[in-house]
Amino acid sequence: MERPRKNHQCMFEIQDAQLERRDVPASNLGNTFAIVPGEITKAGDPAVIQVKLTSDLFTLPKGKATLGVAVAATTASTVQPMISKVVNGSNKSVIQPPDHTGGKAVKAAVITTKAATPSLLNVQLGRGQKSSSYTVSVKDKASTTGNFLSGFYLPGDANGDLKVDKTDLAAIKSLMGVKVGDTKYSFNADSNRNGIIDNADMKLSQGNQGVAVKVTPMITARLDPASDTGTADRITDVRSVKFQGVATPGSTVTYTEVDSKTPPVSTQADATGNYTVTASLADGSNLFRVNATDAFGQTISGLLAPVTYQANPPGKV
Ligand SMILES: [Ca+2]
Ligand SMILES: [Ca+2]
């Protein structure tokens, strides 16, 4: 039997596979900039997620912005998470009241099990203020326990480059009246993600003009070709191999061999997000888990393809 869908339910897909990405830029994540996991551990008790806006990672020309957040269960979880409140450091609610003028309650033609209606948040970062903190409380509709993901996105960023500018206004304007299910429908242009692109989305984009986010929900990890002697097959006779990649600027990147064959190594991504790390190899196969933790509170984790140390690697002359 199919579960009845709520009229107001709109799609917002966040998959835990996105936490496991490796070696691929997150081009399909659009204007989603952070995916933060949470867990409801006790039935009836909300889970609490802390996020931090920092002046290094968020450009807010008017000192304020609207951000969107939605929660969804992880693949294995039966929890039905919903945002119960979001407060700032002074314990004041920052959730915008629903806009009843724009939302025409379009029934989504394409809906996923990861569906959730986002909440829009009014966030601030005053001039000279280094950071501001927010607390998201998430409870389960059916009072069960389980794991979920919170996805944060930038409303008004129609082309998913994590900047809101005139290009985005033009994109939204060109899609006025387009509904979910139409071939032209753009998830990113639907700023409030209610299934129809209209004036409400335009207003959000206008309000967020100039806002930019440098947090990115991805990490790349590439074995330096110079560390892969002989054939390019990840079999090498180099003991200390170099990896290069990209993560959120300033994030801490850690490589851990899953069976602790070698000690973990850490580095910090630079202001443009680039990092390099040198890890030592034990004899035979080495399996590294990569973690990147950024100032917003997001950790991205991925498992790399194994790298093997061997005295005479194939193709070595
Ligand atoms: Ca944009
Ligand atoms: Ca909309």
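Checking Ala200, Ala232 one by one, the residue that is assigned to a helix (DSSP H, G or I) and more than 16 Å from ligand 1 (Cβ to nearest atom) is Ala200 and no other. Considering the stretch 198-216 alone, what residues qualify as being buried (at least 23 other Cβ atoms within 10 Å of the Cβ) and either at pLDDT below 95 or more than 16 Å from ligand 2 (Cβ to nearest atom) (or both)? Passing the criteria: Val211, Val213, Val215, Thr216. Among all residues of the stretch 102-115, there is none that is closer than 25 Å to Gly30 by Cα, more than 16 Å from ligand 1 (Cβ to nearest atom), at pLDDT 95 or above and of a type in the set (A, V, I, L, M).
Candidates are the residues of the stretch 268-298 that are in a strand (DSSP E or B) and without any contact (Cβ under 8 Å) to a residue 24 or more places away in the chain; the one that is surrounded by the most Cβ atoms within 10 Å (Cβ to Cβ) is Ser285. Checked against (1) in a loop (DSSP other than H, G, I, E, B); (2) at pLDDT 85 or above; (3) not basic (Lys, Arg), Val36 passes all but a single condition, namely (1). Scanning the stretch 158-186 for residues being in contact (Cβ under 8 Å) with a residue 40 or more places away in the chain and either within 10 Å of ligand 2 (Cβ to nearest atom) or not assigned by TED's automatic domain parsing to the domain that holds Thr32 (or both) gives a total of 2. Summed over the stretch 220-235, residues that are surrounded by 19 or more Cβ atoms within 10 Å (Cβ to Cβ) and among the small types (Gly, Ala, Ser) total 2.
The values are calculated or read from the model by the stated rules, or taken from the named source; none is laboratory data. Keep in mind that this is a model prediction, so the values were computed, not measured. Here Cβ is always computed from backbone atoms with ideal geometry, including for glycine, and neighbour counts include all displayed protein chains.
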